[in-house]
């Protein structure tokens, strides 16, 4: 007997897979990725009152991952205005378990106040310090030591060297079946002058760091299903699943 729920899931799977060879759709998505990054499109959105600086497509992808995994701990490097911390905390609040740990070298006081006064702060902890310092990593290890499912998201300094250090330092926290997500891999696909004054560009960015990391870390792989699903994203080839 036909199962309509499973039929829908299978149809969606086939449709997503077909995106990999849909040149018209990929070309349109690529054009939007380029134009929207130049226009700083990701700065236009908030979650529960806090600027999130993410593409809605990536937010949906993270929602799917978090709902499926139901992690005990989400670690994110890079806090900015705190919108992503609030977003992940709100999903964990709906699930009824878990906490978010945010790390930033400079948690600005006005953002810190807004985050701490938010209703979702009850599921958030923050560490101020360099994400690649041993002191910070030791603090993260203390928080993560008793957690069964850990998800790691990297979204701080986007240079190759920094991201590669983060990948090496934070990948051990990722539990099997979970994800190590590296945002702003899109930089490799954009012109070097798309946003002047940045320390990263083609050949020196999160995607090149991901490529280098994967060469010596076969227990992680790019989840191409997410790339084929989103098409519009700041994290192409950045959704790494631990086998």
Residue of 40, 57, 202 that the Gaussian network model of the chain assigns the largest fluctuation, springs spanning Cα pairs under 10 Å: 40
Where labels lie 7 Å past Cα in the beta-carbon direction, separation of residue 46 and residue 145 in nm: 4.0
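Using Cα pairs closer than 8 Å and at least 6 residues apart in sequence, work out the relative contact order for the stretch 4-242, in percent.
Working: 407 pairs, mean separation 46.4, N = 239.
Reported relative contact order: 19 percent.
What is the stretch 105-243 by shape, rounded, prolate or oblate, if you read a ≥ b ≥ c off the alpha carbon gyration tensor as root eigenvalues and call it rounded for a/c under 1.5, prolate for a/b larger than b/c, and oblate otherwise? Working shown, then result.
Details: a/c = 1.59, a/b = 1.20, b/c = 1.32.
Oblate, because a/c is 1.5 or more while a/b does not exceed b/c.
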GNM result for the chain, Cα springs below 10 Å: residue of 179, 194, 88 fluctuating most strongly: 194
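Quick one: 184, 204, fewest Cβ neighbours within 10 Å first, how do they rank?
On the way: 184 22, 204 19.
Listing 184, 204 from fewest to most nearby Cβ atoms yields 204, 184.
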Neighbour-count order for 87, 213, fewest beta carbons within 10 angstrom listed first: 213, 87
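What relative contact order, as a whole-number percentage, does the stretch 50-176 give when Cα pairs under 8 Å and 6 or more residues apart are counted?
28
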Pairwise centroid distance, computed over Cα atoms, of the stretch 122-179 with the stretch 23-99, Å: 17
Gaussian network model of the chain, Cα within-10 Å springs - most flexible of 18, 36, 84: 18
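If you take the square roots of the eigenvalues of the alpha-carbon gyration tensor of the stretch 100-155 and sort them as a ≥ b ≥ c, do you get rounded (a/c under 1.5), prolate (a/b over b/c) or oblate?
Values: a/c = 2.22, a/b = 1.27, b/c = 1.74.
It comes out oblate by the Cα gyration axes.
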Global form of the stretch 4-242, assessed from the alpha-carbon gyration tensor, a/c cut-off 1.5: rounded
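Each value in this text was obtained by applying a stated rule to the coordinates, not by laboratory testing. Keep in mind it's a predicted model, so treat the numbers as computed, not measured. Neighbour counts are summed over all protein chains in view; Cβ atoms, including those assigned to glycine, are modelled from backbone coordinates with ideal geometry.
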